[in-house]
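Engineer: Quick one: the structure is below, questions incoming.
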Amino acid sequence: MPRGQKSKHRTRTRTHTREKRHQSHGDSQSNEGVQSPEAQEESPISSSPALEGNTQSLSAPESTSTFQESCGASSTTIITSDISGTRSDEGENSQDEENLYFSEPLPSSESECLDILTMKVSLLEQFLLYRYKMKQPIMKEDILNIIGQNYKDHYSEILKQACEHIEIIFAVDLKEIDSTGHSYDLVSKVKLPNNGRVRAGRGLPKTGLLMTVLGVIFMKGNCAAEEDIWKFLGMMRVYAGRKHFIYGEPRKLITKDLVRLQYLEYRQVSNSDPPRYELLWGPKAQAETSKMQVLEFLAKVSDTVPSAFSTRYEEALRDEEERVQARRSARHYCYSQYVL
């Protein structure tokens, strides 16, 4: 066979093999009963009537990245659809991870380059969440392999976009855990057990749901009716009694697990008949986060700034000042005791 025909034949063979692999991967997900991406798409914060009349509505996040705007791609959909289908079997998960590494496409136009950069962000998000779920360190070398040699000049922007999207959905931050080995981990914004998993074992972080509930409570005047919580979470397609692929059974997580861990307080409304319930911040939430931090989280997922929520922003500022004064008083007391 002539050399040119052999080259074409090998190219077609590789393409066919890759298509079969992706088709097999998709079939195995569908056989497990995984919902469609449209059904699973999560909007961490959406405009909700549950907050109307109290403060400005929180809007769905929008990417500020140039290449994200150009392509109009939603990495949230890609994250939730792919990670939800990730199996608990470590061997098959390893195969899923290997599928992230493939021959790097070369763009033929500027628009195609933007598409590839957007794809790189989504692939990196999937990789970071996979390593988190499997409790494996995130190595800088692996990040560079995913970004690829041809796009190393975009390293900072791709990593920033991936981390921002994960932060918005899961409320975790990428932090360096070993400067010598250049390894990183996704760290929960509050000190939930198992770094945001609530219970021991593998899984995705529950911190995003907790921060969202804390935010709704704050926006509702530091005490929110349970029906307002579920009305708001319904905008995120999180429903009481319906198992969620990230949060499990949300009602149990919110009214049992997070209450037991003292991040939320769940109590019956006085003199309510039939009984109605409300939620407040628990002592752990008050100790490990602040109104300003929660407001900053809500602002980030709403693609705005904390001061846009003017009334709550002023309250958060007062809370920060009180916390500073309390720390100063505590240090002064310790110093005086030491001197005496």
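The values are calculated or read from the model by the stated rules, or taken from the named source; none is laboratory data. The shown structure was predicted, so the numbers you read here are calculated from the model rather than taken from an experiment. With ideal geometry, Cβ positions are generated from the backbone for all residues, glycine too; neighbour counts draw on all protein chains shown. Heavy atoms of the whole protein, side chains included, go into the accessibility calculation; ligands, DNA and RNA do not. Shrake-Rupley method; radii C 1.70, N 1.55, O 1.52, S 1.80 Å.
Engineer: With A299, A287 as the choices, which residue is of a type in the set (G, A, S) and in contact with a Pro (Cβ under 7 Å, 6 or more places away or on another chain)?
Structural biologist: Answer to the selection: A299.
Engineer: If you take the residues of the range 260-283 that are touching a residue at least 60 places away in the same chain (Cβ under 8 Å) and hydrophobic (A, V, I, L, M, F, W, C), which of them is surrounded by the fewest Cβ atoms within 10 Å (Cβ to Cβ)?
Structural biologist: L280
Engineer: Within the range 284-302, which residues are within 18 Å of F232 (Cβ to Cβ) and either in contact with a strand residue (DSSP E or B) (Cβ under 8 Å, 6 or more places away or on another chain) or surrounded by fewer than 15 Cβ atoms within 10 Å (Cβ to Cβ) (or both)?
Structural biologist: Within the range 284-302, A285 is the sole residue that qualifies.
Engineer: Collect the residues in the range 114-147 that are open to solvent by 10 Å² or more (accessible area, probe 1.4 Å) and either under 12 Å from L174 (Cβ atoms) or in contact with a strand residue (DSSP E or B) (Cβ under 7 Å, 6 or more places away or on another chain) (or both), keeping them in residue-number order.
Structural biologist: Hits for the range 114-147 are R131, P137, M139, K140.
Engineer: Right, next: Of the numbered conditions (1) more than 30 Å from G282 (Cα to Cα); (2) open to solvent by 30 Å² or more (accessible area, probe 1.4 Å); (3) part of a helix (DSSP H, G or I); (4) at pLDDT 90 or above, N150 fails exactly one; give the number of that condition.
Structural biologist: Exception for N150: condition (4).
Engineer: I've got another one for you. With the requirement that a residue be part of a helix (DSSP H, G or I), under 27 Å from C163 (Cβ atoms) and of a type in the set (G, A, S), what does the range 299-333 give you?
Structural biologist: A299, S307, A308, A316 - these are the residues of the range 299-333 that are part of a helix (DSSP H, G or I), under 27 Å from C163 (Cβ atoms) and of a type in the set (G, A, S).
Engineer: So, one more: Are there any pairs, at least 6 apart or on different chains, whose C-beta atoms fall under 6 Å, with the first in the range 319-340 and under 19 Å from A285 (Cβ atoms) and modelled with pLDDT of 70 or more and the second hydrophobic (A, V, I, L, M, F, W, C) and outside any helix (DSSP H, G or I), and if so, which?
Structural biologist: Close Cβ pairs (under 6 Å, with a partner that is hydrophobic (A, V, I, L, M, F, W, C) and outside any helix (DSSP H, G or I)) do not exist here.
Engineer: Something else now. Report every pair of residues separated by at least 6 positions or lying on different chains whose Cβ atoms are under 6 Å apart, first residue within the range 226-245 and closer than 16 Å to K206 by Cα, second small (G, A, S) and surrounded by 15 or more Cβ atoms within 10 Å (Cβ to Cβ).
Structural biologist: Listed pairs, sorted by first residue: M236/S43; F245/S84.
Engineer: Of everything in the range 175-220 that's among the polar types (S, T, N, Q) and assigned to a helix (DSSP H, G or I), which residue is most open to solvent (accessible area, probe 1.4 Å)?
Structural biologist: Step by step, filter the range 175-220, then rank; the result is N194.
Engineer: Please verify whether S310 is closer than 15 Å to M219 by Cβ, out of contact with any helix residue (DSSP H, G or I) (no Cβ under 9 Å at 6 or more places or on another chain) and not β-branched (V, I, T), treating the condition exactly as stated.
Structural biologist: yes
Engineer: Could you check D257 against (1) under 19 Å from A224 (Cα atoms); (2) open to solvent by 30 Å² or more (accessible area, probe 1.4 Å) and say which number it fails?
Structural biologist: So D257 meets the others, but not (2).
Engineer: Would you mind stating whether E296 is of a type in the set (D, E, K, R), in a helix (DSSP H, G or I) and over 14 Å from V216 (Cα atoms)?
Structural biologist: For E296, the condition - of a type in the set (D, E, K, R), in a helix (DSSP H, G or I) and over 14 Å from V216 (Cα atoms) - is not met.
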